[in-house]
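A short reminder: the numbers here are calculations on the coordinates, not readings from a lab. All values reported here derive from a predicted model rather than from experimental measurement. Counting neighbours? That spans all protein chains shown, and the Cβs are built from the backbone with ideal geometry, glycine included.
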Amino acid sequence: LARAGLTTFPHNQRILKRRIEDSVHDFQRGAARPDGETYFFVMEEIDTGKLVGTCAIIAKIGGYHPSYTYQIKTAHNRSRVLGVKKDIQYLELKKEYNGPTEIGTLFLHPQARTKGLGRMLSLSRFLFLAQHPKMFENFVIAELRGILDKHDHSPFWNAVCKHFFEVEFRKADLMSMEDKTFIAELIPQHPIYIPILPQAAQQAIGQVHKNTEPARRLLEQENFRFIDEIDIFEAGPVVGCRLKNIRTVRDSRMAVVRDIVPAVMRKREYLIARVGQIHEFRVTRGMVIHTQAGITLTRDTARVLNVQKGDRVRIAPLYGKRT
């Protein structure tokens, strides 16, 4: 169901199996500081046990094999003879050996894309970041899927990368999951001036796939902003935010479960996370009653999280304050 461009969710069972196994190991091991760990999360439909969504956090990108993006820069040219001033944008290859934390692999089954489940799935990662900040970098990015046509062809890839790699976009996308050395060997090292590219390729730079628009809007609500970097294959935008400034991280807090009742009638929904050991992390959403002594949860919420009276949880409003 996941289409090309979702690089962290490959159409390859072997690679996906290895990624899941690596994530299980990272959850069990824990980390005192970020060093490339992958934390892979799934959304489960409790009544059926069916998995309907995924998301992930990469604690740190780069390392021995760098991460690549194109930076959008501007050259300020001037001719006294012609009396001309021109600002020309160009793309400059960036190799990141000591990178930030990255969120990705956000995918929700089409039949589950209702009732705010996508928001819950995406924001659940931020409660994990808030609970374990020392395991991550101070800056968090997301590479958003760029423009592809109905045949999964990228206008940017066809105009730029195809001439150097001589393989189809989907194959290169998959290969980059296992070994990035071919990128270093073949990608152009010199600046690429944007005005000389075909119009379709120019228009794709920094734009997202239509199916990714909701994810982009949500991240913008969480204070992520475009950082003038794009994916090297399909030119999708890279957005980023300091960890402490992410809305859900900033607005989250620890609370003690003081009571559990059959039902709670409130207008504002919360994300509620079970904390403790990192492999015990669970998130759901629900209504909360606040008191000076702690919070009150519903029985269903407590059952899903497997928490009891006296346990500590981390909570954050599912939606930011409306102005």
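Quickly run through region 267-282 and pick out the residues that are under 13 Å from Ile295 (Cα atoms) and not hydrophobic (A, V, I, L, M, F, W, C).
Of everything in region 267-282, just one residue is under 13 Å from Ile295 (Cα atoms) and not hydrophobic (A, V, I, L, M, F, W, C), namely Tyr270.
For region 252-271, indicate whether the set of residues that are touching a helix residue (DSSP H, G or I) at 6+ places or on another chain (Cβ under 8 Å), assigned to a strand (DSSP E or B) and either within 27 Å of Phe139 (Cβ to Cβ) or of a type in the set (Phe, Trp, Tyr) (or both) is non-empty.
Yes, the conditions are met somewhere in region 252-271.
In region 74-99, how many are without any contact (Cβ under 8 Å) to a residue 24 or more places away in the chain and charged (D, E, K, R)?
Count: 5.
Where residues in region 153-200 are of a type in the set (Val, Ile, Thr) and touching a strand residue (DSSP E or B) at 6+ places or on another chain (Cβ under 8 Å), which of them is surrounded by the fewest Cβ atoms within 10 Å (Cβ to Cβ)?
Ranking the candidates gives Thr181 first.
Scan region 50-103 for residues that are within 13 Å of Glu229 (Cβ to Cβ) and outside any strand (DSSP E or B) and jot them down.
Residues satisfying the conditions are Ile61, Gly99, Pro100.
List the number of the failed condition for Ala235; all other conditions in (1) surrounded by fewer than 20 Cβ atoms within 10 Å (Cβ to Cβ); (2) in contact (Cβ under 8 Å) with a residue 40 or more places away in the chain; (3) part of a loop (DSSP other than H, G, I, E, B) hold.
(1)
Does Leu82 meet the test of being surrounded by fewer than 22 Cβ atoms within 10 Å (Cβ to Cβ), out of contact with any strand residue (DSSP E or B) (no Cβ under 8 Å at 6 or more places or on another chain) and aliphatic (A, V, I, L, M)?
yes
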